[in-house]
Amino acid sequence: MELFPARTPTLPPATHTNSYAVGDRDVLLVEPATPHEDERRAWLEWARGIESQGRKIAGIFMTHHHADHVAGASFFATSLNVPLFAHAATAKRLPDIDITSVIDESHVFDLGGQVPMRLRVLHTPGHAPGHLCLYDDEAKTVIVGDMVASVGTILVDPRDGDMQAYLAQIDRLANLSAHVALPAHGEPIDEPTALFRHYIAHRLAREEKVMAAVSAASTEGATVETLVPVAYADTPRMLWPIAALSLEAHLIKLMREGRVEAVGSGAYRRKDLQG
């Protein structure tokens, strides 16, 4: 397993997206991330260095559609003459990228070599509809894309994310009892189960702060703008625009669960609070 950190326009504090070369003879490249010309040259040199060792690149795997994960996809696939793999929901959101093979959970990558590797595809929506992970049952290693990070945090944007699905899939990853997780941002994670559980606990604790803020509102309800300073009082003000997206994702989940309802234009109140 080899790592290439490429500079990308990702959310701070992260500055790079990790690409991985998986396999000792047949090699799968994960995360064709960077849009920057100098980084693309370095990435391509890295990939061609793998080929110069007599190893075969079987293709390029995209975890999901966000720009800091796919900006080099077409360039790298064309330059290396290899297929691109992605979920159908990712392909739908990337009409300008020629995705060779649409895959789902039925797909397994069998990479031959001195140490054969079998990677199961896991569909893990929540951060993005078509998000995919790769799991090596033998080594108990999971490539997690943007499900978790060891630098910064993960945004669940209600425009294309789903907090309820995200938490369910983090729980699923925790139940793998993996030994190592390889994120797209930051260093490898040596005790991933603990981090997965921490993510769940942190999100649910935040959700209760959101619920408390909504409960304190009048019968007319409160808007996202008025809820953020209360539910995210412990977060720097400069991050409140991003916090507002996360808060909205929590509200959607709470409405599905029947705990919150929308009232008026852009306002929310506790479901059992009558006017």
Stokes-Einstein D for the stretch 176-275 at 25 °C, 0.890 mPa s, Kirkwood Rh over Cα pairs, in µm²/s?
164
Which of A181, V142, A213 sits closest to the plus end of the dipole of the stretch 138-213, meaning its Cα is farthest towards the positive end, when Lys and Arg get +1 and Asp and Glu get -1 on the C-beta?
A213
With a 1.4 Å probe and all protein chains left in place, how much of the accessible area of the stretch 1-157 comes from carbon and sulfur atoms, in whole percent?
51
Kindly report, to the nearest 10 Å², the accessible surface of T63 as traced by a 1.4 Å probe over protein heavy atoms only.
0
Counting alpha carbon pairs within less than 8 Å and at least 6 residues apart, what relative contact order, in whole percent, applies to the chain?
12
Using the Kirkwood formula on alpha carbons, the hydrodynamic radius of the stretch 114-211 in angstrom works out to 13.7
Setting aside same-chain residues fewer than 8 positions from K209, which lysines have a Cα under 29 Å from its Cα?
K253, K271
Net charge within 12 Å of I200 by Cβ-Cβ distance, Lys/Arg positive one each and Asp/Glu negative one each, not counting I200 itself?
+2
With N set to the residue count of the stretch 1-88, report its C-alpha Rg divided by 2.2 N^0.38 Å to two decimal places.
1.00
Can you give the charge dipole size of the chain about its Cα centre, rounded to the nearest 20 debye, using +1 on the beta carbon of Lys and Arg and -1 on the beta carbon of Asp and Glu?
420
Total charge dipole magnitude, the stretch 13-155, about the Cα centre, Cβ charges on Lys, Arg, Asp, Glu only, Debye to nearest 20:
100
Return one whole number: the accessible area per residue of the chain in Å², for a 1.4 Å probe.
45
Along the positive direction of the dipole of the stretch 81-131 (beta-carbon charges: Lys, Arg +1; Asp, Glu -1; about the Cα centre), which of T100, L122, A86 reaches farthest?
L122
At 0.692 mPa s and 37 °C, Stokes D of the stretch 206-263 from Kirkwood alpha-carbon radius, µm² per second:
290
With only helices counted (DSSP H, runs n ≥ 4, each -39500 (n - 2.57)), the per-residue ellipticity at 222 nm for the chain, to the nearest 500, works out to -10500 deg cm²/dmol
For the chain, what is one quarter of the convex hull surface built on the Cα atoms, given in nm²?
15.0
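The values are calculated or read from the model by the stated rules, or taken from the named source; none is laboratory data. Quantities reported herein were computed from a predicted structural model and do not represent experimental measurements. Counting neighbours? That spans all protein chains shown, and the Cβs are built from the backbone with ideal geometry, glycine included. Heavy atoms of the whole protein, side chains included, go into the accessibility calculation; ligands, DNA and RNA do not. Shrake-Rupley method; radii C 1.70, N 1.55, O 1.52, S 1.80 Å.
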